[in-house]
Amino acid sequence: MKFPQMPYRRPDLAAIEEKTAGILRRISAAASAEEQARAYLDFEALERETSTACTLASIRHTIDTRDSFYDQENDYVDEIAPALQELRQRISLALLGSAFRRELEERFGKLLFTNLEISARSMKPEIMPLMQEENRLRSEYQKLCASAVVDWEGTRLPLPRLGPFKESASREVRRRAYETEGQWYDSHREELDELYDRLVKNRTAQGRTMGRESFIPVAYDRLSRNCWDVRDAAAFREQIARDMVPLVSRVKDRQAKRLGLEKLKFFDDAIRFPDGNAVPQGSAGDILAAGREMYRQLSPQTAEFIDFLYDGELLDVLSREGKAPGGYCTELADYKAPFIFSNFVGTSGDVDVLTHEAGHAFAAYRAARMDCLDALKSPTIEACECHSMSMEFLTAPWHSLFFGPQTAKYERDHCEQALIFLPYGCMVDEFQQGVYEQPGLSPEERNRLWLDLERKYRPWTDFDGLPFYSRGAGWQRQLHIYQEPFYYLDYCMAQMVALQFWQASLANREDTWNRYLRFVDEAGTRTFRELVEDAGLRLPYAPGCAAEVGESVGRWLESNPM
């Protein structure tokens, strides 16, 4: 069934509660592990039905945040989400306390129970009102950003469509684009500060109600981190600051020389070459057509996947007024169908998004057809991001379909951006660590913290008096800080894995693709540590990993000068 024809029916919370209560009674009364296993499988079927409806409402809301029907349905989903999570927790607790737990572990695997224990620590009924309020605040931020329209040379543009002007070969145009963007954020300064204040206070209250010293351990549990912790995160960030920041500083120096500038300003950041960055050839439709051809050629597995995605109209990628910002991939479980959402704006980022989100979608497509528990069809988030970020590099032989004679320029830019991202991603994570360790910080103190971290992770940055950015508020553009706290470090972990897959592919493409496919097909049956080690790669937070990866990628940059 094509996406536009998929019917939506509002989830009936009372009916879901009644069915869950019946499943709980069956688990409690079960005389064998087999009976409990059948009851749990029935709960998974109920969850598939519920999540499909909730996801349909969410997708259609983000496609057009002005649609009053799906705006109301999205609010309803936000409202019932904590209750659904609490029902899931009841099932988890029943399995964790089962007299047949050993037999169930033998059937389903111990990792399921490790994950259930983590999930059980992440909520309790007392915080449901706080979780409902958090969801409302997250949606409020999304609506505010989706409403962002600016005047640009007499034309009203959604804010994301300033992207090409921020990459203009004209320095004056670039600066005006950043100023226009910054002015919009400054004009909504009070709303953005107040929203984040309320989110931090809300999440801190959740953590303390859960008996934790702060929101941080609750956030880690909600991200299902089952093989690394806050100490590993801190050690990883310090590796990036020590070993990657000097490498990126050299990359930025080379960028300034290419541009003929004595010193880069912040509005020069996105422009890599004096004649402009590589841009995809043709229209958005041409990019999509090239993407289909790329995945048809990449492998039999990706060919099957991409035809399913396109034929089912399972993507919406054009930027327009009223559409939510950003990009994502999600899944419609009852249809075994992924869905890609994005905002194409006519830059190389459109290709990055297509390869990135299609990496997620490919993994979801493969997992949906696996014979295993739904709970084990997706790994933890950092491993999911390995699917997508590695796909960006493993599709390199086909990038010429998008860029033609500008392909070499794109390849260098993509590599440099991967390195540049690592300090930024760690900065985002350390900023959140500081905010939730000190939840009483004022807006001005948060901005000072951000500026301090800029000096640590991006010492080359010069805001040159730009509105919004120069006062340290640039973090408010990063929707994850509002929407998905502490998620951003998962991208950094995954980037380190992706760079290793890429370097391996340069030596032996076929072997690397098979290792990547195995990584994908193991889905959530193994931990991140196990997946990485099984692929023959180094854990990102292992001592010396950042230095080793940086040296390898640095050699490639030196041997491919532009």
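The values are calculated or read from the model by the stated rules, or taken from the named source; none is laboratory data. Bear in mind the structure is a predicted one, so any value in this text is a computation, not a measurement. Neighbour counts are summed over all protein chains in view; Cβ atoms, including those assigned to glycine, are modelled from backbone coordinates with ideal geometry. Quick note on the areas: whole protein, heavy atoms, side chains included, nothing else; ligands and nucleic acids left out. Shrake-Rupley method; radii C 1.70, N 1.55, O 1.52, S 1.80 Å.
As a check on your grasp of the helix formula, calculate [θ] at 222 nm for the chain: sum -39500 (n - 2.57) over DSSP H runs of n ≥ 4, divide by the residue count, round to the nearest 500.
That comes out to -21000 deg cm²/dmol.
How big is the gap, in Å, between the Cα center of the stretch 463-493 and the Cα center of the stretch 212-255?
15 Å
Among P325, L314, T302, whose Cα projects farthest towards the positive end of the dipole of the stretch 292-347, with charges put on the beta-carbon of Lys, Arg (+1) and Asp, Glu (-1)?
P325
Based on the mean of other beta carbon atoms within 10 Å per residue, what is the order of 203-211, 493-501, most packed first?
Going from most to least packed, we get 493-501, 203-211.
Report the semi-axes of the equivalent ellipsoid for the chain in whole Å, largest first, where each axis is √(5λ) for an eigenvalue λ of the Cα gyration tensor.
37, 27, 25
Taking amide H positions as placed 1.01 Å from N in the peptide plane, with prolines and chain starts having none, which residues 5 or more places from S319, or on another chain, fall under 5 Å of its amide H?
F344
Can you give the extra length, in nm with one decimal, that the chain gains between E18 and R66 once fully stretched, where that is 0.36 nm per residue apart less the Cα-Cα distance?
Working it through step by step, the gained length comes to 13.9 nm.
State in Å² the accessible area per residue of the stretch 419-481; use a 1.4 Å probe, count heavy atoms of protein chains only, and round to the nearest integer.
So the stretch 419-481 comes to 32 Å² accessible per residue, rounded to a whole number.
Set the Förster distance to 41 Å, then compute FRET efficiency between E262 and E191 from the Cβ-Cβ distance, nearest 0.05.
Working: r = 38 Å, r/R0 = 0.94.
After rounding, the FRET efficiency stands at 0.60.
Quick check: net charge around I127, other residues with Cβ under 13 Å of its Cβ, Lys/Arg +1 and Asp/Glu -1?
On the way: positive: R121, K124, R203, R208, R212, R222; negative: E86, E126, E133, E134, D221.
Result for the neighbourhood of I127: +1.
Going 7 Å from the Cα of L144 in the Cα-to-Cβ direction, what parts of the stretch 173-201 have a backbone nitrogen less than 12 Å from that spot?
The answer is 185-200.
When DSSP assigns beta bridges and you keep just the ones with both residues in the stretch 267-426, what percent turn out antiparallel, to the nearest 5?
Working: 5 of 8 bridges.
Roughly 60 percent of the beta bridges in the stretch 267-426 run antiparallel, per DSSP.
Dipole size in debye (nearest 20) for the chain around its Cα centre, Lys and Arg Cβ +1, Asp and Glu Cβ -1?
Values: 71 positive and 90 negative charges, 127 e Å.
My answer is approximately 600 debye.
Please find the FRET efficiency linking E510 to S470, where r is the Cβ-Cβ separation and R0 is fixed at 56 Å, and quote it to the nearest 0.05.
The calculated FRET efficiency here is 0.70.
Using the per-residue mean of other Cβ atoms lying within 10 Å as a proxy for protection, in what order, highest first, do the peptides 556-562, 165-171 fall?
165-171, 556-562
Go ahead and run the numbers for FRET between C372 and R320, Cβ-Cβ distance against an R0 of 56 Å, rounding to 0.05.
So the FRET efficiency works out to roughly 0.90.
Please report the spacing between the Cα centers of the stretch 51-103 and the stretch 171-206 in Å, no decimals.
Measuring centre to centre over Cα atoms gives 29 Å.
Classify the stretch 507-546 from the C-alpha gyration tensor, please: rounded if a/c falls under 1.5, else prolate or oblate depending on whether a/b exceeds b/c.
It comes out oblate by the Cα gyration axes.
Between rounded, prolate and oblate, where does the stretch 89-220 land on the alpha carbon gyration tensor, with a ≥ b ≥ c its root eigenvalues, rounded for a/c under 1.5, else prolate if a/b exceeds b/c?
Details: a/c = 3.85, a/b = 2.37, b/c = 1.62.
Verdict is prolate for the stretch 89-220.
Just how far, in whole angstrom, is the stretch 1-27 from the stretch 351-377 if you go by their alpha carbon centroids?
What the calculation gives is 23 Å, centre to centre.
Projected onto the charge dipole of the chain (+1 at Lys/Arg Cβ, -1 at Asp/Glu Cβ, origin at the Cα centre), which of F69, P540, Q432 gives the Cα projection farthest towards the positive end?
Among F69, P540, Q432, the one farthest towards the positive end of the dipole of the chain is P540.
In the chain, carbon and sulfur make up what percent of the accessible area (probe 1.4 Å)?
49 percent
In the stretch 167-298, with Lys and Arg counted as +1 and Asp and Glu as -1 at Cβ, which of these residues, A205, L247, V279, has the Cα nearest the positive end of the dipole, that is, farthest along it?
L247
To the nearest 10 degrees, how steep is helix 348-368 against the longest Cα principal axis of the chain, on a 0 to 90 scale?
The helix 348-368 is inclined about 20 degrees to the chain.
According to a simple spin-label model (label point 7 Å from Cα along Cα-to-Cβ), what is the distance in nm between D229 and E213?
Calculated label separation equals 1.2 nm.
Between 0 and 90 degrees, rounded to the nearest ten: what's the tilt of helix 68-96 against the longest Cα principal axis of the chain?
60 degrees
Skip the ligands, DNA and RNA, and give the accessible area per residue of the stretch 97-205 with a 1.4 Å probe, whole Å².
With the other protein chains kept in place, the stretch 97-205 gives 48 Å² per residue.
Find the accessible area per residue for the stretch 222-373; the probe is 1.4 Å, ligands and nucleic acids are left out, and the unit is Å².
Accessible area per residue: 37 Å².
Taking the stretch 1-96, which trypsin sites (Lys or Arg not before Pro) meet the DSSP loop condition and have no more than 12 other C-beta atoms within 10 Å?
Hits after loop and neighbour filter: K2, R9.
Taking square-rooted eigenvalues a ≥ b ≥ c of the alpha carbon gyration tensor, is the stretch 352-445 rounded, prolate or oblate, where a/c under 1.5 means rounded and, failing that, a/b exceeding b/c means prolate?
Judged from the Cα gyration tensor, the stretch 352-445 comes out oblate (a/c at least 1.5, b/c at or above a/b).
Using only the alpha-carbon atoms, how far is helix 171-187 inclined from the longest principal axis of the chain? Give it as 0 to 90 degrees, nearest 10.
Helix 171-187 sits roughly 40 degrees off the main axis of the chain.
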